[in-house]
Structures are given as structure tokens and as C-alpha cells.
Amino acid sequence: MGKLIGESVKRVEDRRFTTGTGQYTDDIVLPRMTHAHIVRSHLAHARIRSVNTAAAKSADGVVTVLTGEDFKDIGGVPCGWQVDFKDGTTMHEPKHPILVADKVRHVGDAVAVVIAETKGQARDAAELVEVDYEELPVVTDATEALKAGAPQVHDDLPNNMVFDWELGDQGATDTGIANAHHVTKLEIRNQRLVPNAIEPRSYIGDYDAARDFYTLYTSSQNPHVIRLLMCAFVLELPEHKVRVVSRDVGGGFGSKIYHYTEEALVIWASKQIGRPIKWTAERSESFVTDAHGRDHNTTAEMGFDDAGKITALRVRTDANLGAYLSTFSTCIPTYLHGTLLQGQYTTPAIHISLNAVFTNTTAVDAYRGAGRPEATYLIERLMDTAAAEMNIDPAELRKRNFIPPFDGVNQPGYQTQVALQYDSGNYIAAMEKALETIGYQDLRREQEEARKQGRYLGIGFSSYIEACGIAPSAVVGSLGARAGLFESANIRVQPTGKVSVYTGSHSHGQGHETTFAQLVADNLGIPMENVEIVHGDTEQIPFGMGTYGSRSLAVGGSAISRSLDKVKEKGAKIAAHLLEASVDDLDFADGKWTVRGTDKSKAFDEVSLAAYVPHNFPEGMEPGIEFNSFYDPANFTYPFGTHIAVVEVDPDTGTVTLQRFVAVDDVGNIINPMIVDGQIQGGVAQGVGQALLESANYDESGQFSTGTYMDYAMPRADDLPSIEVSQNVTPCPHNPLGVKGCGEAGTIGATPAVVNAAIDALRPLGVTDLEMPLSPPRVWSAIQQASA
Amino acid sequence: MIPAAFEYYRASSVDEALALMQQHGEDAKVLAGGHSLVPAMKLRLATPEKLIDIGGISGLQGIQDRGDHIAIGALTTHWQLESSDLVQQKASALSQAAGAIGDVQVRNRGTIGGALAHADPAADYPGAILALNATLVIRGSGGERTVAASGFFTGLWETAVQDGELLTEIRIPTDAANANSCYLKFPQPASRYPYVGCAVAMTTSGGTCSDVRVGFSGVGESAFRDSGVENAMRGQAVSEASAKFAGDQATNGRSVLSDWSVSEEYRRAMAKVFAKRALLQVGR
């Protein structure tokens, strides 16, 4: 390891982000550009009798108005992952049209688009579009939607089922529960959330008739994936005639992975009108059209023997996928949720049975953590509840059940009951460090004292595991993924020794321009400022899969590492030629190749120059130094950790105040500790948001009652204490960097710790369960009911 | 987030503003700091054809000590009230209510006159204005009149300001109770508007409450003085028990607002909790 890896180098991209000089999609202004405004349904479920666009078409500045009729013969946006019914029947996959013609299925469904000279003119004319609706009955809850007689979201897809699915050994699990000394059972509602990226989605479609060439500027986490889906499934465009550009993107949290209808809309319509079209979501539209997260109704049971060892875990979940299937919606409750139910424990039998369900709501897909928070939440809520019921300390109960340490090298990986094989883990170490950091024994005494004074302190645990670095293409392919999940990196050494890195990963806030540059500069022994990280443009980068699932460093960084090996190998050959030495006699250090035992050396920039000025190259040696790598990992990575929350609850008002939060995470090797700390802290803030504040709610008529920040509570700085973060290091055994990924850990770990802490605080008052978010009215009501 | 088209007029004096209001009648809305009206316009919840901007009228700015009362111009910003030494000392409930509104950016633009004339049932000022026994100065084409705070809030989004009139000044008596006043806010987590806002102004003598005024914001259709709490507290030695008893009278006999995020039962219970806390804060 050199001197840059492991250093908290300040983020080089932050200068432009913090001075307003980044270039987001909405900042781009093209000549002759028009503006789109989409007419959306205000109803959750209604048949469209007619759409009258005459008045809108004749309004000032209007170029054209399009409706669902115009898109009848054009494809819908596809789902990227096929999960079939238990009996092998193909999953139900309705068309998700660019504009709907027959009926609207959720508030925000797109009915028409007005394209005009200015944004204001498009907005004004949109009010003149008259849609005649016939209202239909509405269902918004997954469990309700499965009941006989429930309203049908898609007329031809019975019972609102997308698919049913199971994983694990049902017989062994039923036996394990039946024979258990103690069974803990919880009904869990993991509520729906809105991702709330700070930059609304924004797209520009630009068709160039002269070249017969399309350019899409998009706020996407994965431009190549968008290009592939749009070209192959929706518009049937030749992929080599389409460029997708996604440069600066203001946050995604998963919501910008998916191919959205508006992307295809601006591209297709741009060709129709022969001019570029920009569409940028208003915040109100973001609330009802960005794919939401979570929304599971779960019954979970965990059996224990008389020594407090887990005997079995049984899970029944209804997962709400919304009105249409978003790109990865089907794999979230299945392969990123059911497969994580082993947690950190030696549970010998696990079974999950799950229904994926259509409802009259916005589509649900991955949101930071994606399936893993749902799995962690139910396991960790069961653990703290069981500990209280069996009168065992919650830390002790976990210790009795942890999988023993294994490094994946000297000890094999851990084969779970739910398909995955963990790479390496040391769960007890993270727990011990968290207990020590928080001062556990003293804290329990303090809690005791506080109770005597009528103050309600609570301590909550969460020991989470996640599957990241998604993942081996062969594995995901066997599970139904319609894409590979490798990553690419091209390194171009310029003649002057400067280095351009073209990564298939995508940064939308993560800091790749810093972390990747540290990795490259450290390996090549050159200054960081000599390295440029390029991402987000299909005309520049090799085919890449983008960023989600905490995969950038583990998969994208590993691809860079592979290309670095190739660069150094080629550089050594050139240096050997220049030094008239054998490659075997050269050492590479501090940016130069030295003939071992001599002072003869060639620096990186000298070798680079020679590579492009090959006046005396030997026969057979190619000029230039440029290498591409595609890296497909051998396994997922499995970061883990223990989080402990300390809260105080005001019993008079039900207010839960987070006093301390300790996060001990193990994300493998670390390149930039500051960025890792920041990712964990931001993730914890989002996890606390779900626990205490956030909830996306529909009323009985399917209206979205939390569609503004007046109603949807986001965590703010004053809701959070200073988060105490630290890391253990258990390297990943199967990738060249030994890294596991840190983007989602905070979100996955934090939520159950906070809820467990609040319940721990209120147990003396008889409260044993609380539903998220722990809003003051809800907590107050629980206290009232418990004491009644 | 683009408002519908509107005509814009900027008044440089109260007389000019009144003339413009008379000229344009119901088509026109008055724009002060714009922190309620402009967001509503951006969402097209409000689509006024004309705006009369009074923000540039210099005579409506500022805080003056007039001996027996503090005079506050209608265009005085929340931040000016929050940070004024005079207001902090003589009418701390008002200063605290101002400091509880929105965020710094909002407090730098929003005005007390705009907020009071808007009469949002969830606004912070009204309860404080009631507890402080303020007088409001209203000007119309016929001249100037004054209204006591207790007669100002007439219903949901409604005040004593009539069509063609402007709220120009708020007068806060500099009495002993106002110097010993507070505003406690229990905010809804998303909007940070109050579940309950409770203002109390109290005079004490030897640990006994000799007089008290209690105003609530955000609880009912409009802000109100709660005589039940006042009567239960007046003449009592201030203690945990007496404050709890008095607080428990809060909202009795009154209707209370509820919505999807907060039930009537909860809001009523919180009014009692915060009345007690506010009474103890100024009574000790």
C-alpha cells in the first residue's frame, strides 16, 4: 500500500458542487430546445373516457400535445428481473406505457404531454388539457389487494398478483418453530418511503436528423443500462445511434437506477418535432413518480431453544410493488430480502413465503439498502423482542447466536440456509467494539437511575449483514436478472504521463472522482491531480453497469485494479526496453521503474512519452498504453456491523429523542476513511429518518397524503446527534482490493436500532411494539393504550 | 413550480397601496414578505390576477419603543423581532414565536403583518399576540382604526381586516406580564408548524399568579385566549400541581383541529401539557 490509499483526502468534486458550478441535466441548455410538461392523473384509478387537447394545442407557444393514443404502438418500459410464480408460471408483467390510453392506475400516472417554447407556456397549456375520467374503486395496501373482490389494478391480471415466491426449507422451519422452547412473533409494517434525491429527475431528448442520431441527457445512476433498456425494449432504436449522458447527478438512493417513461418520451418526441425537449420534474411530481421504497406487510416468527439459540425463522410477506413493475422491483423483496434472512446468526432453518402485489400506488423499487433493510429490520426487531421476552440481555442473545469468525481464506465462507455464501465475517468483534464504545454497562445503570426519576431512556441494538457489490453475473442470471452485473474500467495513459480513467461506475454524490483517483495515483506513484476520472457518458466510457447496491469500489474499483495491472505490465516492458534490462530485473516503486541494484531508472512519464513516441520500439511491441477490463466478481461482498442507539422518550408527548448513535461497521479495506465515515453517517441519517419521521401515505381514495415537505418529514440536522462511527476491517477475500462497500450500511443498520431503543425505553410502561415512523402521536397513543 | 401569469404593482406608500387595492378590488392580493402567498402561487393553489407589493413601503418597517407600548411596523421581519433586545425584554413571547417560525431564510423575508393578516390556523404569532394583549392598527380609505387582538382573529383564514384595508402596525403593551411571557411550540415534524403553540404572559407576586393571559396557536380554527386555564391559574400559588390543574383546563369546551397526522384527542392532550409547561416556565 502506498501513501494515498487509506488517507482522508478531501473530495475533489466538492469545489464545483458547493460553489454551484456543477452541471446537472437541468443546467444544460441546447439551441432550439423546447420544454415538456406532463399532464398527470389526480385520481388513483379511473378509466379514461376521452382526452381533449384542442385548447392546449392552440395555446401560446405550444409546439405539440401528445396523448396515450400516440404511444399505443410503442413499447412500455420493461422490468429488468424476472421472478416467476412458485409453480413456474411466468410472472405477471403488464405493459407500462409511456403515456396511458386506457386507464390511470395511480395518482401521477401520465396521461398527456404538452411541449412548448417555454416551461411556463407548457405549464399553462397543460391546464387546458381536458381529461374525462370514469372513477374506479381503489386499493393501495398489498394485503387488501390480495383479498377476494379487491379492485383489479390490471384487468387481465387476476388477484393483483405479480408472483408468489418462497425460499428455504419450509418443513424444517415449521418443525423448528413447533419444537421451540420460545417463539417470538411480530406483525411488522415496513412503511413506504419516498427517496427524495435533492435533484429532481431531469431529461433532455435531442434527435439530430443530419446524423440520424439520438442523445439523451439524463439524471441516471447507470447510463448504459438506460440506453440498453430504452433501445432494446421500448423504442427499438439502434444502440450505436444513441448516446446517453449522465454527468453530475444530485443524489439517487436507488431512485435513479430505473428506466423511466419520461426518458423514452423526450427521445421519441424529439424526433417527432425535430427539436430538443427538456423535462424536469417538479418536486410534487417527484413525490408521486420517483419509484418509492419498502412497503412490506410481514408476519415474522423466530423460535429459540432453552439456551436462547435460534431454532428457526419463518417469514410471511406481502410486498407492494405499486401499479407497474419498475426496473428492479421484482428482485428487491426476493433476492435482496429473502436471501438475507440468515442475518449474522446460525439459524438452522429459514423459510420465507412472499406475495408480490399490484396496487393503485406509485411503483416501488430499490431505495438505499433495498430489501436488506426490510430483512434486517424484522430479524433485529425479533432479536430485541425475544431478548426481552426471555429476559436475556439483547447483546448476550446475539452473542449466543453469532456465526463464529471466518476470513474466507483459512476458514471457508459461510453457507446460509437461504442460498448465499458469506465471504468473510467477524460479527462478535463488531459487537464488542460497539459495546465498548457506548459504555454499555454504565449505560444500563444510567437507564436504571433515570427510570427512578421518571425519565425513559432506551438502548437498542442492530447487528446487520448485507449483500453488496452486486454481483456475479452468472448468479444473478440464474436468479432471473435480464442483465449482467460486471463492471468496466478503461485506463488511458496520456503521452505526458497524465492518466484518464473511464469507469462504468457512476458517481451521484459518492465521491468516485476522489476515491478512484486515490487508487490509481497510489498504484502508479503519480500525483492525484494527474488522474482524471471520467464517468457517465456512453460515448466516452466502456459499457458499464453503473452504481447501486454499494458496488462501485468492490466491482468498479476492482475493474480499475485489473486495468492498473495491465498498465504496469506494459509500462514495465517499455521501461525494460528503454533501460536495456530484463522486465524481471525491474522494480516499480514511487512512480518509476528501477533496475534492481542500480540507480538506473525510468519514471512513469518518461515511459508514457516513449509509448507514444515509439521511434525505436522493437518489432512486435505496440505503441501506447491503454487498457480496458471487465470485472465480474466471484461472489457478492458481505459488509456487516453492530449499531447501538440510545433514545429518551418524553412520555407526556411521545417525542423520541435520539441521544447517541454508535455505528461499528466492517466494510473491508478502506481507501478514503473520511468518505466512508460520511457514507455511514448519511446512511444512518436516512435509517433514522425511516425509524422516526418518514412515511409515504395514501388515503382510502388513493390520494397521496404526503406529497409535500409539509407532510412528509425528512430528517434534519437538529433531529440527529453527532453519530459516532468507527470501522473494523475484515477484508473481502475474493476481490483484488479486499473491499466490501459502504453505501448502504448505515441505512440498513440504523432503523431497527432506533425502534428497539424506543421500545426498550417504554417497556416499563407496558409498551412492547411500535409501528414506524415513531411519530409523537403514535408513540403517545401506544403509551396511553399500554397504561389503559 | 411556475405560477400562473399575474400583473404586478408596487406601492411606495400606504396611500398608494390603498388606492391600488380600491382600483383592482377582488382581483388583487397584497404581497408582503411573500412566504405564504408565493409558495401557494407556485403550486397554483392561489392564482391571483394581480399582486400589489407593499414590501417597499418604508413607513411600515421597524420596532419602536413608545413608552407604554412597543410599536411594530407590519413589514417587520420575523428575524428582526427574534433578534430585537427590546422585544426580547418586554415581550419575550413574541420574540420566541418569531424565532420558532420556519428557518432562517424564511425569517429573513417573512413579515409579522403578512403572517397575521394571512391568519393561517397553524401560524405561530396569533397565540402570542393574544397572550400579549396586543392592539392591531388597520388603515383603510376612511382612515385608521384599532382592533384588540381578542377581536382580530374571526375564523379560519379570517381576520378583522376588511376588503380595502391594510394591517399597518402591531402594538404590544409594555406591562409586567408581557415582560414575563413565553411561547412554547411543539412542532409537527414535517411542516414544523405547531401541533400546539402556547403563549403565556403572567404577573406573579410572592410566588402567586396575580394575573395571567394564555393564548393558543395551531389548536383551533383560529387562535384563542383560553379563559379556562387563566381562571384556574389566577390567584394560585404556582406549583407543579396548580399548573397541571390549570393546564388540564386547556381547550375544554372548544373544538380542536385534526388531520391525518394528528388526532383531536392528541392535540387536546398536548395543549394541556404545553399549557402546564408554559405556566411553570413563567411562574417560577
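The values are calculated or read from the model by the stated rules, or taken from the named source; none is laboratory data. Just so we're clear, the structure is a prediction, and the values are computed from it rather than from any experiment. Cβ: placed from backbone, ideal geometry, glycine included. Neighbour counts: every protein chain shown.
What to note about this one:
- Some residue of region B:12-29 being out of contact with any Ser or Thr (no Cβ under 8 Å at 6 or more places or on another chain), over 24 Å from B:G140 (Cα atoms) and buried (at least 18 other Cβ atoms within 10 Å of the Cβ): no
- Test: residue in region A:565-574 that is modelled with pLDDT of 95 or more and within 30 Å of A:E744 (Cα to Cα): yes
- Region A:143-156 - residue that is among the hydrophobic types (A, V, I, L, M, F, W, C) and surrounded by 15 or more Cβ atoms within 10 Å (Cβ to Cβ) and, of those, farthest from the chain's Cα centre (by Cα): A:A150
- Test: residue in region A:565-584 that is over 19 Å from A:V493 (Cβ atoms) and surrounded by 18 or more Cβ atoms within 10 Å (Cβ to Cβ): yes
- Number of residues in region B:5-17 that are within 29 Å of the chain's Cα centre (by Cα), part of a loop (DSSP other than H, G, I, E, B) and either of a type in the set (D, E) or within 14 Å of another protein chain (Cβ to nearest Cβ) (or both) equals 1.
- Only strands (runs of 3 or more DSSP E) whose full extent lies in region A:636-737 are considered here, and none of them has at least 3 residues that are away from chain B (no Cβ under 14 Å) and of a type in the set (F, W, Y).
- Residue in region A:269-287 that is among the polar types (S, T, N, Q), more than 14 Å from every other protein chain (Cβ to nearest Cβ), buried (at least 21 other Cβ atoms within 10 Å of the Cβ) and under 27 Å from A:K119 (Cβ atoms) present: yes
- For A:I428, the conditions (1) touching a helix residue (DSSP H, G or I) at 6+ places or on another chain (Cβ under 9 Å); (2) surrounded by fewer than 19 Cβ atoms within 10 Å (Cβ to Cβ); (3) at pLDDT below 95 are fulfilled apart from (3).
- When A:D407, A:D393, A:D384 are checked against the criterion of being of a type in the set (D, E, K, R) and in contact with a Phe, Trp or Tyr (Cβ under 7 Å, 6 or more places away or on another chain), A:D384 stands alone in meeting it.
- Hits in region A:127-169 (condition: under 30 Å from A:D70 (Cβ atoms) and in contact with a helix residue (DSSP H, G or I) (Cβ under 7 Å, 6 or more places away or on another chain)): A:L128, A:V129, A:V139, A:Q152, A:V153, A:N160
- Residue match in region B:34-57 (condition: in contact with a Leu (Cβ under 9 Å, 6 or more places away or on another chain), outside the structural domain of B:S141 (by TED's automatic domain parsing) and over 27 Å from B:Q105 (Cβ atoms)): no
- Counting the residues of region B:136-158 that are farther than 19 Å from B:A17 by Cα and surrounded by 19 or more Cβ atoms within 10 Å (Cβ to Cβ) gives 3.
- Considering residues of region A:123-135 that are buried (at least 19 other Cβ atoms within 10 Å of the Cβ) and more than 9 Å from every other protein chain (Cβ to nearest Cβ) only, the residue nearest to the chain's Cα centre (by Cα): A:A126
- When region A:4-59 is filtered for residues that are aromatic (F, W, Y) and in contact with a Gly (Cβ under 7 Å, 6 or more places away or on another chain), only A:Y24 remains.
- Qualifying residue in region B:54-66 (condition: at pLDDT 95 or above and either within 21 Å of B:G127 (Cα to Cα) or under 13 Å from the mean Cα position of the chain (by Cα) (or both)): yes
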